[in-house]
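Data first, discussion second: the structure below is written as C-alpha cells.
Derivation of every value follows stated rules applied to the coordinates shown; laboratory data play no part. Keep in mind the model is a prediction, meaning the values are calculated, not measured. Counting neighbours? That spans all protein chains shown, and the Cβs are built from the backbone with ideal geometry, glycine included.
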Amino acid sequence: MKMVINNLRKDMIKMTYAAGKTGAHIGPALSLTEILAVLYFKIMNFDPKDPTSESRDRLILSKGHGVIAQYAVLKELGLIKEEELQTFKTNNTRLYAHPSMNPEIGVEFSSGSLGQGLSLGVGVAIALKHKGNNKSKVYVIVGDGECNEGSVWEAIMSAVQFELDNIVIVVDKNNIQYDDFTKNIISMEPLEKRFETFGCKVACVDGHNIEELEKGFKTEHNKKPLCVIANTVKGKGVSFMENEPKWHNNVLTEDLYNQAMSELGEG
Amino acid sequence: MEINTQNIRTLSFLGSCGTFGKIIEELATQNNNIIALTADLCSFAGLTRFAQNLPNQYYNVGIAEQNMVGIAAGMAKEGLIPFVTSYASFLTLRCADQINVNVGYMNLPIKLVGLTSGLSVGILGPTHICLNDVALMRAIPNLVIFSPADCIETAKCIEKASEINAPVYLRLTGTMGNPVVYKDDYNFEIGKAITLKDGSDIAIISTGTMVFNSLKAAKILEEKGFSVKVINMHTLKPLDVTAIKECCSCKLIVTVEEHSIYGGLGSAVAEVLSNIENSPKHLIIGTQDEYIHAGDYKYLLESYGLTPERISDRILEE
C-alpha cells in the first residue's frame, strides 16, 4: 500500500510538471492521497471493470481542485491510461483541472465550484434508499476551506434531518485555503464540535495513516451521517510543498520536479 | 388528465401553483420516481395534498434553495425525476451557480418550477417579483424552458417535463383565476409555437400570461382595421425559429412578455431577426430596466403597460 501511495504521489508530480506554466493544484491533491487510496483500495465497493454498477459505492470529490489525486488513483485502477495522465490540462483532454462528469472512468459528478458536492451526495443518498439500494454508500470529500461555504452546512443539516446513514462526509483538513492558512481567513474551529453539534457522528483521524483512516471510515453511525475529519498536511510528501500556502496551486520547474521525484523515489 | 370544460375551469380557478400541485400529484401517483421538493413553501407550491398522500416522494429541505437544487441533481443522476419548487426569483437567481453546474453542465434532468414569476406577487416587492429569470436560464445550455399561456398548458408542460430526459425550467406566471386561452384540448409539442390567430399586418409573439392579453389586444387592433396574427411561444428554448421567420411577412413584429425587455422572449426573437435581411421592425414590450414599485398584480400590469389596452395603444404608436 505504501508503494502504491508513493506512486500516486509521483503521478501527481508528473501531471503537475506536464501542466507546465499554468501549474496544478498539487498541494490539495497531495493531502488527499491516503484518503482516496484507502477509500478506493480498502473501503469502497467499486469494481473498475464495472464503474457504473448500481451496487457500487459513490465517491463525490466536492473539493474538485484536488482532482489530480483522483486521476492518479483511477490510473492505478486501470480506468485511465498512463499516457492519458499526461494530457492533463491540455486542449481537448478529458482530464480537466476540475472533474468533469464521466461515469465510465469513475468521475461521478462535475465539480469545481465549491460547496456543492455534499448536496449532490444528499440527493444520491436519498435516491439510493428510494430505490431500495441499502448497501451502497456515498462518500463526499470536502476541504476544510470549502466549509466556509454556507451551502455545505445547508447540506449537512438536511443529511441529519433525513437521517442519512448511507452518507460519509470526509473533510480533508489541511488547514490551508487559497489565500492563506484557514485560521487567518475564516477559521472553521472547532471543526469537530461544529459537525457534532450539527448532528453528525464524527471520527477524527490522522489523514495520512492508513489504519486510522480505515478505522474512521468503519465507524458505526446509526441513523445519522458520518463525518470523518482527516487531519492532513497540504503538500504532504514533498518537503518544499508541505504546509506551504503557495503550493495550493503552483508551477514545477525542472529542478523542483527532479527534487520532488527524488524525494518520493526513496519511499 | 382528461381535458374537459370542468377541468379547465378548475385549473383556472386554482391558478398556476394550484395546477402544479394537482397535476404533479396525479403524475407522481402513477410513477413513484417522481419526487417533489420544496424549500419551506409546501402549500404555496400547491403541494399540501401531495405531502399528505405521497410522503415518500416529498422532501421539504427547509429554507435552503441552493441545497435543494443540488439534492435534486443527485436524485436525477440516480434516475429519479425531481421537481424543485420555489419562488422563481429564489430558484433561478439565488441558485444560478447550482443550476449552471449541477443542471446545465452535467445535463441532469431535474425539473425547476419557478412559481409566481413575473409581476403576480408584486405586492411583496422586488425581492419576489421576477423579471429576469428567462434571461438567466436562457443563457444556461441544455435547459428546456417552458412558459405556459394558461393552466391547461401548464398541466401539459408538467406532463412533458416529467417525460423528457432533459433539464427543464418551467416558468409559471399569473395567479389564481388565471384567464383561459385554451377552451378545448389541443396538441402541445416542445419547441413548436402555436398560432392562435392568423393575420397579415402585425404579428404578436407572446408568452405566459401575456398570451391572453395579446389576444385581447389583437381584437382591439382588428376593430381599428388591422389584421393581426398572435403566436403563443410556450417554449422559450428551444425556440421555434420557423414560426418567427414566418412572421416576417407582416409589417411589424411585436413581442409581449411579463419579463424585462432584456434577455427574455423579445431578445430571443431579436436574435433570430438580426440574421434575416430586411426583417420587419420589432417592438419589444415588457418591463423596463428598473425595479418595480410594489403593488397588486392588476395595478402593476396596468402601470407597466401590460394590459390589452396598453399593449394595443403601444402598438398603435408604431
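Kirkwood analysis of region B:194-317, using all unique Cα-Cα pairs, places the hydrodynamic radius at 14.4 Å. Taking the Cα centre of each part, how many Å lie between region A:97-161 and region B:219-274? Between the Cα centre of region A:97-161 and that of region B:219-274, the gap is 42 Å. Helical content of chain B, expressed as a calculated mean residue ellipticity at 222 nm, amounts to -10500 deg cm²/dmol (DSSP H runs of 4 or more residues, -39,500 (n - 2.57) each, divided by residue number, nearest 500). For chain A, A:147, A:204 stand unpaired, since no other cysteine beta carbon lies under 4.7 Å from theirs.
Note on region B:87-162: with charges restricted to the Cβ of Lys and Arg (+1) and Asp and Glu (-1), its dipole about the Cα centre is near 100 debye. In a simple Cβ point-charge model (Lys, Arg +1; Asp, Glu -1; nothing else charged), chain B has a dipole of about 200 debye relative to its Cα centre. Where in chain B are the DSSP H helices whose alpha-carbon span along the long axis reaches 15 Å or more and whose Kyte-Doolittle mean is at least -0.5? Length and hydropathy pass: B:5-30, B:65-77, B:151-163, B:210-223. With a cut-off of 8 Å between alpha carbons and a minimum separation of six or more residues, what is the relative contact order of chain A in percent? The normalised contact order for chain A reaches 25 percent. Taking 12 Å as the straight-line reach from the Cα of residue A:131, the aspartates and glutamates in range (excluding those fewer than 8 positions away in the same chain) are A:54, B:78. Projecting the Cα atoms of B:199, B:287, B:213 onto the dipole axis of region B:194-317, where Lys and Arg carry +1 and Asp and Glu carry -1 at the beta carbon, places B:199 farthest toward the positive end. Farthest toward the positive end of the dipole of region B:194-317, out of B:304, B:263, B:316, is the Cα of B:316, where the dipole comes from beta carbon charges about the Cα centre.
Rounded to the nearest 500, the 222 nm mean residue ellipticity of chain A from helices alone is -10000 deg cm²/dmol, with -39,500 (n - 2.57) taken per DSSP H run of at least 4 residues.
Pairs spanning more than 30 Å between alpha-carbon atoms, out of A:21/A:137; A:193/A:223; A:89/A:224; B:183/B:224; A:89/B:111; A:49/A:137: A:21/A:137; A:89/A:224; A:89/B:111. The relative contact order of chain B, computed from alpha carbon pairs under 8 Å that lie at least 6 residues apart in sequence, is 17 percent. Over 25 Å apart at the Cα level, from the set A:2/A:42; A:10/A:42; A:81/A:129, are A:81/A:129. All Cα-Cα distances of region B:5-173, cut into 5 Å bins from zero to the largest, leave 2, 10, 20, 24, 24, 14, 6, 1, 0 percent in each bin in turn. Semi-axis lengths, largest first, of the ellipsoid equivalent to region A:98-210 are 24, 18, 13 Å, with √(5λ) applied to each eigenvalue of the Cα gyration tensor.
D by Stokes-Einstein for the protein assembly as shown, Kirkwood Rh over Cα pairs, 20 °C, 1.002 mPa s: 83 µm²/s.
The trypsin sites (Lys or Arg not before Pro) of region A:119-202 that DSSP puts in a loop, and whose beta carbon has at most 12 other beta carbons within 10 Å, are A:135. The dipole here belongs to the protein assembly as shown: it is taken about the Cα centre, uses +1 on the Cβ of Lys and Arg and -1 on the Cβ of Asp and Glu, and is about 580 debye. To the nearest ten degrees, helix A:67-76 and the longest principal axis of the Cα atoms of chain A are 90 degrees apart.
So if R0 is 51 Å, what FRET efficiency would residue A:259 and residue B:241 give, r being the distance between their Cβ atoms, rounded to the nearest 0.05? Efficiency, rounded to the nearest 0.05: 0.30. Taking 25 °C and 0.890 mPa s as the conditions, I'd like the Stokes-Einstein D for chain A in µm²/s, using the Kirkwood hydrodynamic radius from alpha carbon pairs. Reported coefficient: 134 µm²/s.
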